[in-house]
Amino acid sequence: MSRTITSPVKKFPGTVVLADPLTFDQLFAFMDAVEMARGQEGARVNYAALPGILACVEAWHLVGIPEGVTLETFPATPPVSIARLVAWLVEELSRAFDEAETIPND
């Protein structure tokens with residue numbers, strides 16, 4: 001099963017399909033990338049987070065982002081819009097991870 005989310009970034013309208021649930025490999029790739037991004041500044045934050053995001057995305061349907069995008073082909077500009085896109089994806093994946101970690105009080 002997967003989960004489709006809609007981009008809030010005006011420069012990159014469309015949807016992204018996330019793996020749901022995540023595999024251990026996807027989860028660890030995401031966690032490691034987020035940890036690496038914490039020690040970076042500026043555009044390097046985005047670059048550090050991307051491997052974890054790419055590991056969890058099943059399909060890209062965003063204007064301006066190639067469908068088969070890789071770390072090498074992911075656009076770096078415009079920097080503010082890319083930062084918003086990456087931050088949104090990290091937030092969405094983090095939310096999915098947090099939801100999976102929450103144990104219901106039933």
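Nothing in this text is a laboratory measurement; each read-out follows from the coordinates by a stated rule. This is a predicted model, so every value here is computed, not measured. With ideal geometry, Cβ positions are generated from the backbone for all residues, glycine too; neighbour counts draw on all protein chains shown.
Can you give me the span-like helices of the chain, meaning DSSP H runs with 24 Å or more of Cα extent along the axis and Kyte-Doolittle mean at or above -0.5?
79-101
How big is the C-alpha Rg of the chain next to the rule-of-thumb value 2.2 N^0.38 Å, as a ratio? Working shown, then result.
Details: Rg = 13.6 Å, N = 106, 2.2 N^0.38 = 12.9 Å.
For the chain, the normalised Cα radius of gyration comes out at 1.05.
Which length gain, in nm to one decimal place, applies between GLU67 and VAL17 when the Cα-Cα distance is subtracted from 0.36 nm times their residue separation? Can you show the working numbers first?
Details: separation 50, 0.36 × 50 = 18.00 nm, distance 1.11 nm.
Difference between extended and current length: 16.9 nm.
Order these peptides, 25-37, 43-55, 2-14, 61-73, by their mean beta-carbon neighbour count within 10 angstrom, highest first.
By packing density, highest mean first, the sequence is 43-55, 25-37, 2-14, 61-73.
What is the extension gain from PHE28 to TRP88, computed as 0.36 nm multiplied by their sequence separation minus the C-alpha to C-alpha distance, in nm to one decimal?
19.7 nm is the gain from fully extending PHE28 to TRP88.
Determine the relative contact order of segment 2-101: mean sequence separation of Cα pairs under 8 Å and six or more apart, normalised by residue count, in whole percent.
After rounding, I find 29 percent.
VAL80 versus THR6, label points 7 Å from Cα toward the beta carbon: distance in nm?
That separation, rounded to one decimal, is 2.4 nm.
At 222 nm, what helix-only mean residue ellipticity would the chain give, in deg cm²/dmol to the nearest 500, using -39500 (n - 2.57) for each DSSP H run of four or more?
Helix-only estimate at 222 nm: -16500 deg cm²/dmol.
Let's see if you can work this out: charge +1 on each Lys and Arg Cβ, -1 on each Asp and Glu Cβ, no other charges. What is the dipole magnitude of the chain about its Cα centre, in debye to the nearest 20?
The dipole magnitude comes to about 560 debye.
Just want the answer: with Cβ charges of +1 for Lys and Arg and -1 for Asp and Glu, which residue in ALA49, PRO79, ALA19 is farthest toward the dipole's positive end in segment 6-105?
It is PRO79.
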